[in-house]
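The values are calculated or read from the model by the stated rules, or taken from the named source; none is laboratory data. A quick note: this is a predicted structure, and the numbers were derived from the prediction, not measured. Glycine also receives a Cβ, built like all others from the backbone with ideal geometry; neighbour counts cover every protein chain displayed.
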Ligand code: PTJ
């Protein structure tokens, strides 16, 4: 990471790409994670590589929703672990959520490497290793979750999620917060709170908002969640991408 000069105009994008490569080398990130990163990077370029106002509103609503939750869980895959391990640990602490490793391309080696990586970044407990429950109506490997984690969670943060799993979690009645740079992707389309922003900006913003909101009353938090308009947020992101005005 020290090789990239900080004044490079695309510093963050290069840093992100480098983290994904390092993640692949460390056995954390799947090779497909590099393609996912390439897609995300293209959308981020079109968004102007900044948190647009509708995404900032989504991040505040997400923080409120997480503070209201009985049992919130943050889902971690190979890209998330490579890009924002410490930031996910900080968010979990700010909203009292569990961290659960949940992989599209599940292998025991990668589960262990990711859990260890999160512990190196300050996590105390990582779920998803036991995987003693199944998400209904999803193929075997992708359905594996912990019975005291995602299976019984009321609110789940699913960043860079596969559309089938996002739909299956929705069918289970979970309140989903999805972070995805592509507003047309199925996962943000099914989420109660779609956050169209780069995960490297979204997660620290959510933590900052959670710390700002932590002393608010339940009714204030509920109002913030209710005032968030998911259709409008998705439309605003799509409009920004199509406008080409950077
Ligand atoms: O680690 P695994 O095995 O669970 O696999 C994880 C990946 C991401 C490889 C897997 O879930 C996958 O293939 O996902 P997709 O279908 O490529 O979807 C990833 C979505 O995340 C795409 O819509 C990208 O635009 C988006 N994305 C990529 N990088 C970022 C992002 N969104 C926010 N921030 C990013 N940095």
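At-a-glance table
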{"quantity": "Residue within the stretch 56-67 that is assigned to a loop (DSSP other than H, G, I, E, B) and either without any contact (Cβ under 8 Å) to a residue 12 or more places away in the chain or under 25 Å from residue 131 (Cβ atoms) (or both) present", "calculated": "no"}
{"quantity": "Restricting the stretch 198-219 to residues that are more than 25 Å from residue 83 (Cα to Cα), touching a residue at least 60 places away in the same chain (Cβ under 8 Å) and assigned to a helix (DSSP H, G or I), the residue that is farthest from the chain's Cα centre (by Cα)", "calculated": "218"}
{"quantity": "Residue that is more than 12 Å from the ligand (Cβ to nearest atom) and either at pLDDT 95 or above or assigned to a helix (DSSP H, G or I) (or both), where the choices are 88, 34", "calculated": "88"}
{"quantity": "Criterion (part of a helix (DSSP H, G or I), in contact with a helix residue (DSSP H, G or I) (Cβ under 6 Å, 6 or more places away or on another chain), within 10 Å of the ligand (Cβ to nearest atom) and closer than 30 Å to residue 140 by Cα) met by exactly one of 20, 28", "calculated": "20"}
{"quantity": "The stretch 140-164 - residue that is within 14 Å of the ligand (Cβ to nearest atom) and part of a helix (DSSP H, G or I) and, of those, nearest to residue 188 (Cα to Cα)", "calculated": "163"}
